[in-house]
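Colleague: Take a look at the following structure, please.
The values are calculated or read from the model by the stated rules, or taken from the named source; none is laboratory data. Here the structure is a predicted model, which is why all the values come from computation and not from measurement. Virtual Cβ from ideal backbone geometry, glycine too; neighbours counted across all protein chains shown.
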Amino acid sequence: MSAKDEILGRVRRGVGKDDFAGRRAAAVASLIDTGRGPQPVMAGNLAERFRLKAESLSSTVTAVVRREDAPAAVAAYLAANGLGLQAVVTPDVGRLDWAAGGLQVEPRSALDADKVGISGSFCAIAETGTLMLLSGPETPATVSLLPETHVALVNVSRIVATMEDAFALLRAERGSLPRAVNFISGPSRTGDIEQTIVLGAHGPCRVHLILIG
C-alpha cells in the first residue's frame, strides 16, 4: 500500500465514508423523493392570478380565444406601440399564419439587430407571474433574451400554481432537463444605480403576453 492510499484510507475511516454504495443509494433516494415543503394556497382562477402578477411586474397582457387569433393580437400590439411589423419567432410557433396578421416573421434564433422576438412558453406560474421557457432547436433562448421587445404566447391550460408544479410538469413530460431553463418575470430590470429601477438593462425592455384559451 502506498503512503497516499494509507493516508486516504485513514481519512475515509475517520469520517465514516467507507460505505460508498450505501451513500450513493441514499443520495439517489433523496433525488427521487418528490416530497414538497409548504405550499401557498391558490384560491380562485389561476389565469387571472397569473395576469395580475404579470402586470404587477410591468408585463402587458392580451387575451384571445384561439391560438389562430394570436398573430392578429401580436400585430395589433406592435402597431399600437409603433414597433413595426417585423419579428423573429421561435420555430415552434413559426407555423402560425403570421402573414394573415400583416406580420413579416423569420423562424430562427435572434440576432442583436432583431427588435421583436415572439416565442411560445412551456408553462406559466400563477404564483409569481413567471414564464418557464425551455431551450432547444425549436425554442432558441435568444428569441426571448436579445430583442428589445419579447412577445410570448401562453396557453391558459398550461398555467400552473407554483414553481414546484412547473418542475413537476417538466419532469412528467420531458423526463430530463434541457440545456437551459429560463424563467421570465416581466421585462429585464436593474436598480444598481442609486436604486432607481431601469427596464431593459440586461434584456427586453418590454414583455407582452398573449393568453390563449
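Colleague: Kindly list the number of the only condition in (1) over 20 Å from the mean Cα position of the chain (by Cα); (2) closer than 30 Å to P140 by Cβ; (3) part of a helix (DSSP H, G or I) that fails for A21.
Modeller: That leaves (2) as the condition not met.
Colleague: Right, here's the next one. Can you spot a residue in the stretch 91-101 that is part of a helix (DSSP H, G or I), closer than 24 Å to I159 by Cβ and either of a type in the set (A, V, I, L, M) or in contact with a His (Cβ under 6 Å, 6 or more places away or on another chain) (or both)?
Modeller: Within the stretch 91-101 (the criterion being part of a helix (DSSP H, G or I), closer than 24 Å to I159 by Cβ and either of a type in the set (A, V, I, L, M) or in contact with a His (Cβ under 6 Å, 6 or more places away or on another chain) (or both)), the answer is yes, since at least one residue qualifies.
Colleague: Among the residues that make up the stretch 168-191, is at least one of them modelled with pLDDT of 95 or more, closer than 19 Å to L85 by Cα and either of a type in the set (K, R) or assigned by TED's automatic domain parsing to the domain that holds V74 (or both)?
Modeller: No, there is no match, as no residue in the stretch 168-191 is modelled with pLDDT of 95 or more, closer than 19 Å to L85 by Cα and either of a type in the set (K, R) or assigned by TED's automatic domain parsing to the domain that holds V74 (or both).
Colleague: Just checking, which of A79, A47, A63, A75 is touching a Gly at 6+ places or on another chain (Cβ under 6 Å), not in a loop (DSSP other than H, G, I, E, B) and not charged (D, E, K, R)?
Modeller: A75
Colleague: Can you go through L103, L111 and tell me which one is out of contact with any Gly (no Cβ under 7 Å at 6 or more places or on another chain), surrounded by 21 or more Cβ atoms within 10 Å (Cβ to Cβ), aliphatic (A, V, I, L, M) and over 20 Å from P178 (Cα atoms)?
Modeller: On the way: L111 fails: surrounded by 21 or more Cβ atoms within 10 Å (Cβ to Cβ).
Being out of contact with any Gly (no Cβ under 7 Å at 6 or more places or on another chain), surrounded by 21 or more Cβ atoms within 10 Å (Cβ to Cβ), aliphatic (A, V, I, L, M) and over 20 Å from P178 (Cα atoms) holds for just one of L103, L111, which is L103.
Colleague: Considering only the stretch 119-138, state which residues are more than 17 Å from S56 (Cα to Cα), part of a loop (DSSP other than H, G, I, E, B) and of a type in the set (G, A, S).
Modeller: G120, S121, S135, G136, listed by residue number.
To keep it simple, each residue is scored yes or no on (1) part of a helix (DSSP H, G or I); (2) without any contact (Cβ under 8 Å) to a residue 40 or more places away in the chain.
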| position | (1), (2) |
| --- | --- |
| L83 | no, no |
| G117 | no, no |
| P140 | no, no |
| A152 | no, no |
| S157 | yes, no |
| A168 | yes, no |
| E173 | yes, yes |
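Colleague: Find the residue count for the stretch 54-108, including only residues that are touching a strand residue (DSSP E or B) at 6+ places or on another chain (Cβ under 7 Å), polar (S, T, N, Q) and under 17 Å from P204 (Cβ atoms).
Modeller: Final tally of qualifying residues: 6.
Colleague: Now a separate question. What number goes with the only condition from (1) buried (at least 16 other Cβ atoms within 10 Å of the Cβ); (2) out of contact with any helix residue (DSSP H, G or I) (no Cβ under 7 Å at 6 or more places or on another chain); (3) in contact (Cβ under 8 Å) with a residue 24 or more places away in the chain that W98 does not pass?
Modeller: Failing condition for W98: (2).
Colleague: A further question follows. Answer yes or no as to whether V93 is hydrophobic (A, V, I, L, M, F, W, C) and within 22 Å of C123 (Cβ to Cβ).
Modeller: Numbers: hydrophobic (A, V, I, L, M, F, W, C): yes; within 22 Å of C123 (Cβ to Cβ): yes.
So V93 passes the test.
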